[in-house]
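The values are calculated or read from the model by the stated rules, or taken from the named source; none is laboratory data. Please read all numbers here as calculations on a predicted model, not as lab measurements. Quick reminder, even Gly has a Cβ in these numbers, built from the backbone with ideal geometry, and neighbours come from all protein chains shown.
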Amino acid sequence: MLAEILATGEEIRTGALVDSNSAHIARALEASGVEVARIGAVGDDLARLKSVLVEIGARADVAVVTGGLGPTVDDLSAQAAAEAAGLDLVRNDAALAAIEEFYRRRNRPLNPSVRKQALLPRGAEMLANAVGTAPGFSLRVGRCRFFFLPGVPSEMKPMLAAHVLPGIERMRGPLREHRPVRTFACFGSTESLTAERVAGLAGRFPGVRLGLRAKFPEVQVKLYTSDPSEAAALARLDAASAWVRERLGDLVFSETGDPMEAVVGALLRARQATLAVAESCTGGLLASRLTDAAGSSDYFLISTVAYANAAKVKVLGVEPRMLERLGAVHEETARQMAAGARRLAGSTYGLSTTGIAGPGGGSPEKPVGTVCIGLAAPQGLFGYRFHFTYGRRAMNKQAFAMKALDLLRRELLDLPHADDV
C-alpha cells in the first residue's frame, strides 16, 4: 500500500511555517506498515489544489491531506476535493451538529462563517474533531482513499490516531505489510565517518535498508525492512541491528528514541546519584536540557551560570591566580568549576563547561569552537579540551552541551572518554 501526504496553505508553501504535521504523519504511517511514497505542499489556490488531488488519486492507495478546513475564504480543501471527485459540495448534517455542539458546550455564539466548515463533498464520511471546530472528512478520488484533517497539530494528531490509522487498517484487512524501524542515536563521530562504519550492511542483510540522518548534534542510523510476516521482519531487523550495534560501539547512546539528557538522567537515577552543573559558554543550555527530561528533580540539584570570571571565583571557588595565569578557557578552570558545583550542591557529580562559542574571542591557541569540560566524580576530578569547527555560535553551544552530557554518560557507564569530534 502506497501513501502520499499533502500539506496545504500559503504559509507552508512559502516556508513561513514549518510543516511538522507531515513528519508526524509519515512516522505514524511507516510504523503502521504503510510506505509513504511522496510528501508535498500546495498553496491556497483552488485550481492547483484540485489538480494535485487528481494526480494523487491516480497513483496512490491512500493520502492524508492537512489544512484548508477552516471558516475563511482561503480554506479550500473541501471544495477542491469535491471538484476533484466530481461531486457537489453540500451541507453535512453530522458535521454541522458537531460544530454546534462544540460551541454550545463552551457557551459561545456560533458565527455564520463557521457553518462553512459543515460543507463537505456529497457522500463524504465526516471525521469528528474532538478538539476544534473543523471536522475532517474522507472520500475516494480516483483509486485513492483520501483523509482530510485540520492543519492545527493539536487537532490533527488525535484525529490521525482516531480515524486515519484505524481506517487504513480496515482497508488492508489481513494483508498487512509489517515495516519495523530501528534507530541508533549516535554522538562522537561525523555523519560521513558513521556511514563508513556501517557501509557493508546492504550486502550482509538483503531486505534491510539503511538511512542516515544528521539531527544536530547527533547522527541517527536507521534500519528499515518490510515483510508480510511480522516475525520474519523482526528477525531480519534483529540480525542487522546486532551487526550495526557492534560496528558503532559506544557511539550509540540510545536505541529507544530517548535524547541524551534522558539517557543520562536514567543512568543517574539508576545509580541513585545526583548532579550539579556550572556553565560559562553554554549559558544555561546544559541545565535546560537536563531539566527537559521528566522527573529530573530526582537527580538534578543545582545550576550555576558563572559567565564572568568574578562569578567563577566568588560562587564556585575558582582560584584567582590560576584563572589569571591560565585563563577562563582551560582544563584546570573547568575542573575547579565542576568541583565547586559539586561542593555547593553536595552532589555525586559536578559537570562544567567553559569555552569560546564565537563568532569572536578566539586566538591561535584557543580558536572559536574550543570548549573545556570539567567532571567532578567520586573517582576523581577530570578536565578535557575539545575543539568543534561548526563556526556558528548556536551550533557550538549545542555541541558543547552535548559533549558534556556524553562525557558524563561515559563516566556513568565506565566507558573511555571519547576523543575530539
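Summary of computed values
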{"read-out": "Counted residues, the range 193-209 - those being over 19 Å from residue 250 (Cβ atoms) and surrounded by fewer than 17 Cβ atoms within 10 Å (Cβ to Cβ)", "value": "8"}
{"read-out": "Filter result (without any contact (Cβ under 8 Å) to a residue 40 or more places away in the chain and either touching a helix residue (DSSP H, G or I) at 6+ places or on another chain (Cβ under 6 Å) or on the phi > 0 side of the Ramachandran plot (or both)) within the range 295-308", "value": "295, 296, 298, 299, 300, 303, 306"}
{"read-out": "Which listed residue, of 370, 353, is among the β-branched types (Val, Ile, Thr), farther than 21 Å from residue 296 by Cα and at pLDDT 95 or above", "value": "370"}
{"read-out": "For residue 365: the one exception among (1) on the phi < 0 side of the Ramachandran plot; (2) in contact with a helix residue (DSSP H, G or I) (Cβ under 7 Å, 6 or more places away or on another chain)", "value": "(2)"}
{"read-out": "Which numbered condition residue 260 misses (of (1) surrounded by fewer than 15 Cβ atoms within 10 Å (Cβ to Cβ); (2) touching a Lys or Arg at 6+ places or on another chain (Cβ under 8 Å))", "value": "(1)"}
{"read-out": "Matching residues in the range 75-99 - criterion: being touching a Pro at 6+ places or on another chain (Cβ under 6 Å) and either among the polar types (S, T, N, Q) or assigned to a loop (DSSP other than H, G, I, E, B) (or both)", "value": "87"}
{"read-out": "Qualifying positions in the range 393-409 - charged (D, E, K, R) and touching a helix residue (DSSP H, G or I) at 6+ places or on another chain (Cβ under 6 Å)", "value": "397, 409"}
{"read-out": "Residue list for the range 13-29, filter: of a type outside the set (Asp, Glu) and without any contact (Cβ under 8 Å) to a residue 60 or more places away in the chain", "value": "13, 14, 15, 16, 17, 18, 22, 23, 26, 27"}
{"read-out": "Members of the range 185-220 that are basic (Lys, Arg) and within 23 Å of the chain's Cα centre (by Cα)", "value": "209, 213, 215"}
{"read-out": "Matching entry among 132, 70 (being modelled with pLDDT under 95 and touching a Phe, Trp or Tyr at 6+ places or on another chain (Cβ under 8 Å))", "value": "132"}
{"read-out": "Residue 302, sole failed condition from (1) closer than 21 Å to residue 399 by Cα; (2) not in a helix (DSSP H, G or I)", "value": "(1)"}
{"read-out": "So residue 116, is it in the same structural domain as residue 135 (by TED's automatic domain parsing), more than 30 Å from residue 173 (Cβ to Cβ), at pLDDT 95 or above and over 31 Å from the mean Cα position of the chain (by Cα)", "value": "no"}
{"read-out": "Output for the range 1-44, where each listed residue is closer than 15 Å to residue 61 by Cα and β-branched (Val, Ile, Thr)", "value": "5, 34, 36, 39"}
